[in-house]
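Undergrad: Quick one: this structure, given as structure tokens, is what I'll be asking you about.
Here, each number is a calculation from the coordinates, and none is a lab measurement. These figures come from a predicted structure and were not determined experimentally. Neighbour counts run over all protein chains shown; Cβ positions are idealised from the backbone, glycine included.
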Amino acid sequence: MGTRPTGKLVYLSEPEQLEIKEYEVPEPEPGTVLTEIEQANVCGSELHIWRGHHPEVKDGVLGHEAVCRVSELGEGVATDYAGEPIERGDTIAPAYFLTCQRCPPCQEGQFNLCENAYTYWSKPPEEPPHFHGTFSTHYFVHPNQYFYKVPADVNPKVAAAANCALSQMLYGVDEVGVDWNDTVVIQGAGGLGLNTIAIARERGAKTIVVEGVDGRIERAREFGVDHVIDFREYETVEERAKRVRELTDGVGADVGVEVAGVPQAFAEGPHLLRQGGRYLEVGNVNPGIMSEFDTGTLTRKGIDITTAIRYQPWYLQTALEFLSKHGDDYPYEDLIDAEYDLLDAEEALAKSDTREITRAALHPHAD
Ligand SMILES: [Zn+2]
Ligand SMILES: [Zn+2]
């Protein structure tokens with residue numbers, strides 16, 4: 001037998017402390033796929049973890065968004081999770097979490113809530129197979145980790161983000177229900193918000209975005225949003241609610257989507273909706289951050305609230321299909337505004353943190 005290749009990875013040993021580690025790449029276990037990373041993205045969650053704010057992931061090999069090239073198939077792996085034959089050299093997109101099929105949520109079919117989602121991601125890099133995150137030259141896709149072949153007409157650069165925001169919002173929009181001719185008010189035009197605009201538009205809905213940052217407003221317009229409510233102009237909840245009513249024949253939006261990530265946005269949600277409206281909460285993910293909430297308005301208006309954390313893993317296939325059909329109609333490619341070598345991950349994180357750049361891609365170069 002020949003010798004095994006070696007690879008490098010970016011390890012977060014403690015908040016804001018990165019180390020580049022090098023390991024021999026083990027042979028894939030049965031049911032596992034060994035891949036080489038083509039591109040990994042710096043996502044908001046990485047910044048969150050890097051700063052030490054993530055409730056579950058405190059250290060470990062960073063990275064969850066990626067497209068990878070299959071380099072070795074473990075025993076028994078012949079297809080992706082849609083049954084498509086898979087072979088060495090194929091480009092795939094993996095879900096960034098596991099669905100163990102055995103924990104209580106998995107037993108209920110709530111795979112997005114799997115209690116063992118991060119079994120490998122949170123492991124220290126010394127522990128084989130070392131390459132637990134996507135800020136690496138190599139990456140192992142484990143049994144019970146959904147993955148799909150990237151369709152030939154999808155730009156791999158764009159597909160690298162499919163396993164995060166797009167999959168999550170496709171799932172969320174299905175959970176809350178968006179129908180033809182609905183008006184959807186989207187609070188926040190970051191990556192989640194832009195994807196929501198695209199999805200809602202393809203469902204035949206009208207979109208309103210509430211945002212107050214010029215660059216984000218510009219992007220929302222490039223994604224085809226119908227109306228923008230700039231909160232620097234409409235300064236209070238009352239003014240914004242009135243503006244939504246003006247844009248909806250006096251009734252309020254059918255659906256609200258919170259992707260601003262501040263509790264005040266959630267508290268504002270019911271005021272923007274019509275009687276019997278529906279609301280999707282996605283952006284607030286830090287436990288323990290409080291906001292006052294007008295429960296009476298919620299009840300009297302008869303509003304249904306639902307949430308979306310991660311996604312049912314088959315939504316990753318929907319996301320790739322969405323990109324295959326509609327990817328060219330939206331400026332997805334422009335969302336990446338900086339490219340770095342893997343070894344410069346620290347700079348990519350620091351500049352993302354200060355918002356000098358909005359979305360960085362990392363490329364490992366085999367040496
Ligand atoms: Zn992400
Ligand atoms: Zn589970």
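Undergrad: Please provide three numbers in whole Å: the alpha-carbon extents of the stretch 258-367 along the principal axes, with the largest listed first.
TA: Sorted largest first, the three principal extents are 63, 34, 24 Å.
Undergrad: Pop out the ³J(HN,Hα) list for the stretch 197-203 in order, Karplus 6.51 cos²θ - 1.76 cosθ + 1.60 with θ = phi - 60°, rounded to Hz; leave Gly and Pro as x.
TA: For the stretch 197-203, the Karplus curve yields 4, 4, 5, 4, 5, 5, 8 Hz.
Undergrad: In sequence order, what are the phi-derived ³J(HN,Hα) couplings for the stretch 324-340 according to the Karplus relation 6.51 cos²θ - 1.76 cosθ + 1.60 with θ = phi - 60°, rounded to whole Hz, with x for glycine and proline?
TA: 5, 7, 10, x, 6, 7, 10, x, 4, 5, 6, 5, 8, 10, 7, 10, 10
Undergrad: Also: What ranking, highest mean first, results for peptides 350-360, 307-317 when packing means the other Cβ atoms within 10 Å averaged over each residue? Intermediate values should be presented prior to the final figure.
TA: Details: 350-360: 15.9, 307-317: 21.5.
Final packing ranking: 307-317, 350-360.
Undergrad: A follow-up question, please. Before rounding to the nearest 500, sum -39500 (n - 2.57) across all DSSP H runs of length at least 4 in the chain and divide by the residue total; then give [θ] at 222 nm in deg cm²/dmol.
TA: Calculated at 222 nm, the ellipticity per residue is -7000 deg cm²/dmol.
Undergrad: Return a whole-number percent for the relative contact order of the stretch 77-165, with Cα pairs under 8 Å and 6 or more residues apart as the contact set.
TA: 37
Undergrad: For the stretch 1-72, how big is Rg over Rh, using alpha carbon atoms and the Kirkwood form of Rh?
TA: Answer for the stretch 1-72: 1.02.
Undergrad: Past the 31 Å Cα-Cα mark, which pairs from Lys58/Lys242; Lys21/Lys351; Lys8/Lys58; Lys58/Lys325? Write out the running numbers ahead of the final one.
TA: Details: Lys58/Lys242 43 Å; Lys21/Lys351 22 Å; Lys8/Lys58 20 Å; Lys58/Lys325 38 Å.
Checking Cα-Cα distances, Lys58/Lys242; Lys58/Lys325 exceed 31 Å.
Undergrad: Over all directions, how big on average is the projection of the convex hull of the alpha-carbon atoms in the stretch 223-277, in square nanometres? Mind showing how you got there, number by number?
TA: Working: hull surface 16.2 nm².
Computed as one quarter of the Cα hull surface, the answer is 4.1 nm².
Undergrad: Within 14 Å, Cβ to Cβ, of Ser167, how many net charges do the neighbouring residues add up to if Lys/Arg are +1 and Asp/Glu are -1?
TA: Charge balance in the 14 Å sphere: -3.
Undergrad: Under 20 °C and 1.002 mPa s, how fast does the chain diffuse according to Stokes-Einstein, given a Kirkwood radius computed over C-alpha pairs? Answer in µm²/s, whole number.
TA: It comes out at roughly 101 µm²/s.
Undergrad: In what sequence, highest mean first, do 107-114, 87-94, 194-201, 35-42 appear when ranked by Cβ atoms within 10 angstrom?
TA: Going by the mean number of other Cβ atoms within 10 Å, highest first, we get 194-201, 35-42, 87-94, 107-114.
Undergrad: On to the next question. Using the Kirkwood radius over C-alpha pairs as Rh, can you work out the diffusion coefficient of the stretch 166-307 via Stokes-Einstein at 25 °C, viscosity 0.890 mPa s, in µm² per second? Kindly include the intermediate steps, with their values, before the conclusion.
TA: On the way: Rh = 14.6 Å.
Estimated diffusion coefficient is 168 µm²/s.
Undergrad: Starting with the fewest neighbours, write out His271, His363 ranked by other beta-carbon atoms found within 10 Å of each beta-carbon.
TA: With the fewest neighbours first, His271, His363 line up as His363, His271.
Undergrad: While we're here: Can you tell me the relative contact order of the stretch 166-307? Whole percent, Cα pairs under 8 Å, sequence separation 6 or more.
TA: Details: 273 pairs, mean separation 33.1, N = 142.
For the stretch 166-307, the relative contact order is 23 percent.
Undergrad: Taking the Cα centroid of the stretch 226-250 and of the stretch 149-210, what is the distance between the two, rounded to the nearest whole Å?
TA: Cα centroid to Cα centroid, the span is 22 Å.
Undergrad: At 1.567 mPa s and 4 °C, plugging the Kirkwood radius over alpha-carbon pairs of the stretch 198-253 into Stokes-Einstein gives what diffusion coefficient in µm²/s?
TA: Values: Rh = 11.8 Å.
Rounded, D is 110 µm²/s.
Undergrad: Then there is this: Given H placed on each backbone N at 1.01 Å, which residues far from Asn284 in sequence or on other chains put an amide H within less than 5 Å of it?
TA: Residues meeting the amide H criterion: Gly261.
Undergrad: Additional query: Would you mind calculating the relative contact order of the chain from Cα pairs under 8 angstrom and at least 6 residues apart, reporting the percent as a whole number? Spell out each step's value before the answer.
TA: Numbers: 797 pairs, mean separation 65.5, N = 367.
Computed value for the chain: 18 percent relative contact order.
Undergrad: Rank-order 241-253, 164-176 by packing density, defined as the average count of other C-beta atoms within 10 Å over each peptide's residues, highest first. Walk me through the numbers before you get to the answer.
TA: On the way: 241-253: 17.2, 164-176: 24.3.
So the peptides 241-253, 164-176, ranked by packing, come out 164-176, 241-253.
Undergrad: Report, for the chain, the % of DSSP beta bridges that are antiparallel, rounded to 5.
TA: 55
Undergrad: Return one number: the angle in degrees, 0 to 90 and rounded to the nearest 10, between the long axis of the Cα atoms of helix 237-246 and the longest principal axis of the Cα atoms of the chain.
TA: Long axis of 237-246 versus the principal axis of the chain: about 80 degrees.
Undergrad: Right, something else. Please report how far the C-alpha centroid of the stretch 332-349 lies from that of the stretch 11-46, rounded to the nearest whole angstrom.
TA: First find each Cα centre; the distance between them is then 16 Å.
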